[in-house]
Amino acid sequence: MKTEKSVPKYAELARWINEQIQEKKMNAGQKLYSENELREMFGVSRQTVRRAIGLLEQEGILRRVRGSGTYINDNRQVNLAKRMRISVVTTYVDGYIFPRMIRGIENVLLEGGYSVQIAFTNNQHGRERTILEDIIRRDEVAGIVVETTKSAIPNPNLSLYRKIMERRIPILFLNSFYPALSIPHVSLNDHMVGYEMTKYLIRMGHTKIGGIFKLDDLQGQIRCSGFADAMYESGLEIADRNVLWLDTEDVRHMEKQAGRILERAAGCTALFCYNDEVAYAVLDIFKKTGIRVPDDISVVGVDDANLATLGDVGITTIPHPMEQLGHKASENLLRMIRDPFFDANYEFEARIVERDSVRRLHVR
C-alpha cells in the first residue's frame, strides 16, 4: 500500500510548471513567468518560488539567463521523448517468481510503444556493474527498471547509479532498494509480510517461533524486523538460538544447511521461512529426518510460488504480486518519464494464503 505524503508547496509549483511544458502550454525557449507573477498566481512566498525554480533547474527543465529571466530548457524531456527503449535488469531469468514478473513488465512497456532490453545479474555485483557500464556507455534508454542485487550488503556499484541519476534518466528499483540511494522502488511491504505472518502463527497458538531469514537481501532484514515487532508486541521472546541467517549461496545448497536448520528449529512449534524456496527445502529436510509438518512443527513461507503446492504438504504463504508488481513498476516508470516529480514508490500489502503446513495449537 502506498503511503500518501503531503506535498510541499514548492514541489506543487514545480509540478505545475512541468505539466504546462508536458501539455505544450509552455514550449522550449519560452520565457517563464517572473518570480513576482508566480508568487501572486499561487499565493506563495518568494522563497517557495525560488526553490521550485531551483528544483527544475537541477532537472534540466529550466535555465536562468542573467539579466534576462528564466526560460524553458526542456532538453531532458525532448531527449527522453526521442528514446523508445527501456532497460530491464533482474537477478534471474527463469524459475520461481521471475518469468511472471518479467511478463508484467514487458506487457506494459510494449503497449506503451517501447522496446525492452533485458539483462540478468545472477545476483552478482560484478555482473550488475558490467550491465550498468554498458547502459551508461550506450546512453540510449528512456528509463531503467532494476531488481536490486544483494541489497543488504555494501554495493560497489552505487557510483554508477549516481551517474545515471546525474544524466536524469528515470530509474526504478524492483522488489527492494539500496538505502544509500534516493531512487524509488516497487515491492511487497516486507515489514508487513514479517509482521502479519508472525501474528497469524501467534493466533494459531504458537509462542515458540523460529525464523530463517536471508542475510544479503534487504527483504530478509525487513521481514525479520516485522517478525520481531509482532513477537515483542505479543510479549513473546525471540531466542537467538532459533533464528538462522542464510546468504544467496546457502539458499542454493540448502542440503548443506540441514544440520544448522535442525539445530535452530529445535524447541520451536513454528518456523517462519524467508520464502517458499527456503520453506520447501526445509520441509524436505524435516521429512528425511522424520520430523512431521505440521504435527511436530509448523512451517510458513512467502511468495506463493509453484513450490508452495508441489510437496506432500501445501505451504501456508504470503503471495508475491509477481506479474502485478511488474505491471505497476512499468506504469510508474512511464509516469516518471513524463513527470520527473512523480512519487513512484509503491508497496503491495501482504495477505495470507492458508494451506496445510500450520497446525492450530490453541487460540490465544
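The values are calculated or read from the model by the stated rules, or taken from the named source; none is laboratory data. What you are looking at is a predicted structure, and each value in this text was computed from that prediction instead of being measured. Please note: Cβ atoms are built from the backbone with ideal geometry, for glycine as well, and neighbour counts cover all protein chains shown. Remember, those area values only see protein heavy atoms, side chains included, never the ligands or the DNA or RNA. Shrake-Rupley method; radii C 1.70, N 1.55, O 1.52, S 1.80 Å.
Anything in region 210-227 that is of a type in the set (Val, Ile, Thr) and open to solvent by 10 Å² or more (accessible area, probe 1.4 Å)? List them, or say none.
222, the sole residue that qualifies.
Are any of the residues in region 286-306 open to solvent by less than 10 Å² (accessible area, probe 1.4 Å), without any contact (Cβ under 8 Å) to a residue 60 or more places away in the chain and in contact with a Lys or Arg (Cβ under 8 Å, 6 or more places away or on another chain)?
Yes: region 286-306 contains one or more residues that are open to solvent by less than 10 Å² (accessible area, probe 1.4 Å), without any contact (Cβ under 8 Å) to a residue 60 or more places away in the chain and in contact with a Lys or Arg (Cβ under 8 Å, 6 or more places away or on another chain).
Could you check how many residues of region 6-29 are out of contact with any Asp or Glu (no Cβ under 8 Å at 6 or more places or on another chain), open to solvent by less than 70 Å² (accessible area, probe 1.4 Å) and either outside any loop (DSSP other than H, G, I, E, B) or under 17 Å from residue 70 (Cα atoms) (or both)?
So the answer is 9.
State all residues of region 40-61 that are assigned to a helix (DSSP H, G or I) and under 18 Å from residue 72 (Cα atoms); if no residue qualifies, say none.
Residues satisfying the conditions are 49, 50, 51, 52, 53, 54, 55, 56, 57, 58.
State the number of residues belonging to region 337-353 that are part of a loop (DSSP other than H, G, I, E, B), among the hydrophobic types (A, V, I, L, M, F, W, C) and out of contact with any Lys or Arg (no Cβ under 7 Å at 6 or more places or on another chain).
Residues flagged as part of a loop (DSSP other than H, G, I, E, B), among the hydrophobic types (A, V, I, L, M, F, W, C) and out of contact with any Lys or Arg (no Cβ under 7 Å at 6 or more places or on another chain) within region 337-353 amount to 2.
I want to confirm something. Restricting to region 149-189 and keeping residues that are touching a residue at least 40 places away in the same chain (Cβ under 8 Å) and of a type in the set (D, E, K, R), which single residue is nearest to residue 101 (Cα to Cα)?
Checking each candidate, the answer is 150.
May I ask you to list the residues in region 228-251 that are open to solvent by less than 20 Å² (accessible area, probe 1.4 Å) and over 12 Å from residue 210 (Cα atoms)?
Answer for region 228-251, where residues must be open to solvent by less than 20 Å² (accessible area, probe 1.4 Å) and over 12 Å from residue 210 (Cα atoms): 230, 246, 248, 251.
Can you find, within region 125-161, the residue that is surrounded by the most Cβ atoms within 10 Å (Cβ to Cβ) among those that are in a loop (DSSP other than H, G, I, E, B) and touching a Lys or Arg at 6+ places or on another chain (Cβ under 9 Å)?
Here the answer is 149.
Within region 115-138, can you find the residues that are more than 11 Å from residue 157 (Cα to Cα) and in contact (Cβ under 8 Å) with a residue 40 or more places away in the chain?
Listed by number, the residues that qualify are 123, 135.
Within region 73-122, how many residues turn out to be in a loop (DSSP other than H, G, I, E, B), within 30 Å of residue 29 (Cβ to Cβ) and either at pLDDT 95 or above or open to solvent by less than 60 Å² (accessible area, probe 1.4 Å) (or both)?
Residues in region 73-122 being in a loop (DSSP other than H, G, I, E, B), within 30 Å of residue 29 (Cβ to Cβ) and either at pLDDT 95 or above or open to solvent by less than 60 Å² (accessible area, probe 1.4 Å) (or both): 6 in total.
Considering only region 322-332, state which residues are under 18 Å from residue 91 (Cβ atoms) and either in a helix (DSSP H, G or I) or open to solvent by 20 Å² or more (accessible area, probe 1.4 Å) (or both).
Those that are under 18 Å from residue 91 (Cβ atoms) and either in a helix (DSSP H, G or I) or open to solvent by 20 Å² or more (accessible area, probe 1.4 Å) (or both): 323, 325, 326, 329, 330.
Please determine, by comparing only the residues of region 172-203 that are in contact with a strand residue (DSSP E or B) (Cβ under 7 Å, 6 or more places away or on another chain) and surrounded by fewer than 22 Cβ atoms within 10 Å (Cβ to Cβ), which one is farthest from residue 343 (Cα to Cα).
The extreme case among them is 189.
Considering (1) farther than 27 Å from residue 61 by Cα; (2) open to solvent by 10 Å² or more (accessible area, probe 1.4 Å), say which one residue 167 fails and leave the rest.
For residue 167, the failing item is (1).
Is it true that some residue in region 64-72 is open to solvent by 20 Å² or more (accessible area, probe 1.4 Å), more than 30 Å from residue 304 (Cβ to Cβ) and touching a residue at least 40 places away in the same chain (Cβ under 8 Å)?
Looking for residues that are open to solvent by 20 Å² or more (accessible area, probe 1.4 Å), more than 30 Å from residue 304 (Cβ to Cβ) and touching a residue at least 40 places away in the same chain (Cβ under 8 Å), one finds at least one in region 64-72, hence yes.
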